[in-house]
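One structure is given here, and the rest of the page talks about it.
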Amino acid sequence: MTLDQILLLSFIQGVTEFLPISSSGHLVLVPALCGWRDQGLMFDVAAHLGTLGAVLVYFHKDVVSLFKGTFSLLRGRFNENTRLLINLVIATIPVVLLGMMFEKWAGSAFRSITVIAWVGIIFGLILYIADRYGHLVETVADTNLKRSLFFGLAQCVSLINGVSRSGACLTAGRLMNYKRADAARFAFLMSIPSITGAGVFKGYEFFKGGEMVALNDTLLMIGFSFFFGFCAIAFMMRWLQRSTLTPFVVYRFLLGIFLLISVYTGLISAVPCH
């Protein structure tokens, strides 16, 4: 891969992983729009490592709390740290159960540009409704097992390219009347096991395939994805303190319409190259 490809794809992965506009959808779109071949598993693994690092560093206090919660739970003690840990575990269970099955049976079917476009528009509308009419009351501290499960089920929907994992979780949070920044915080913490699991799964597939990798390219992908991901998290957390999710909804609509026009006019193929 050339440096400009690495930089652009790392930017797309780092930014869209944490903005409600679908990282997986964009990583399918970029090669199609630029005429590149699919970037392959090497990039996916490296990008996941980079964005995982961004979450761990930005939310380092919460990560420390999760470690404390683990030790407290092993000692039979329950506190705020163990409560956060248990809630995140409950929120992760649904996607663990469904993720590998979905990837095996339906993953390639949902890489269609047409599907990504329609899904982006439809779930953008749902996000708008949830954000427009949801109250700003609940916080991460108010999360219980029922709400954690709802977050987890929403994350399962994001297995469809174009939905956006952060977008689905933000929608779930706003439907439950979470404050925007708190919904984002829980969604980003949920991404730790999700990104780790996806990275391990793709890493296994990669090494099983026995592909050759360029170490320099891999390190650049990790570094750029980390940098762009960290900036995206910082931007999103500050934005949601004072603004709505409407600009992201508008973006999803415009992108979806552009993609549909491009596919139906033959500008790009409905099925990306591999």
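Read-outs: derived from the displayed coordinates by stated rules, not from any lab. Predicted model only: the values in this text are computed from it and were never measured. Glycine gets a Cβ as well: all are built from the backbone with ideal geometry, and neighbour counts include every protein chain shown.
The computed percent of Cα pairs over 30 Å apart for the structure shown corresponds, within (1) 27; (2) 35; (3) 22, to (1). Put in order of Cβ neighbour count within 10 Å, fewest first, the listed residues C156, C169 become C156, C169.
Distance between the modelled labels on F227 and R75, one decimal in nanometres: 4.2 nm (7 Å Cα→Cβ projection).
Looking at the stretch 47-94, the trypsin sites (Lys or Arg not before Pro) that sit in a DSSP loop and have at most 10 other Cβ atoms within 10 Å of their own Cβ are R75. In terms of its C-alpha gyration tensor, the stretch 222-274 comes out oblate, because a/c is 1.5 or above while a/b does not outweigh b/c. So what's the stretch 56-184 giving for Cα Rg divided by 2.2 N^0.38 Å, two decimals? Dividing the Cα radius of gyration by 2.2 N^0.38 Å gives 1.16. To the nearest ten degrees, helix 80-105 and the longest principal axis of the Cα atoms of the chain are 30 degrees apart. Rounded to the nearest Hz, the phi-derived 3J(HN,Hα) couplings of the stretch 49-54 under the Karplus curve 6.51 cos²θ - 1.76 cosθ + 1.60 (θ = phi - 60°) are 4, x, 5, 4, x, 4, where x marks glycine and proline.
For the chain, please report how many Lys pairs fall under 22 Å Cα to Cα, leaving out neighbours fewer than 8 apart on the same chain. Total qualifying Lys-Lys pairs in the chain comes to 4. For E138, the residues whose amide H sits under 5 Å from its own are Y178, K179, ignoring neighbours fewer than 5 places away on the same chain, with H placed 1.01 Å from N. Using a Gaussian network for the chain with springs between C-alpha atoms less than 10 Å apart, which of these wobbles most: N216, N161, N79? Most flexible of the set in this elastic network: N216. Here the scattering of the stretch 117-274 is modelled by Debye summation over its C-alpha atoms, one equal scatterer each and no solvent; at q = 0.09, 0.14, 0.18 Å⁻¹ the log10 of I(q)/I(0) is -0.37, -0.86, -1.20.
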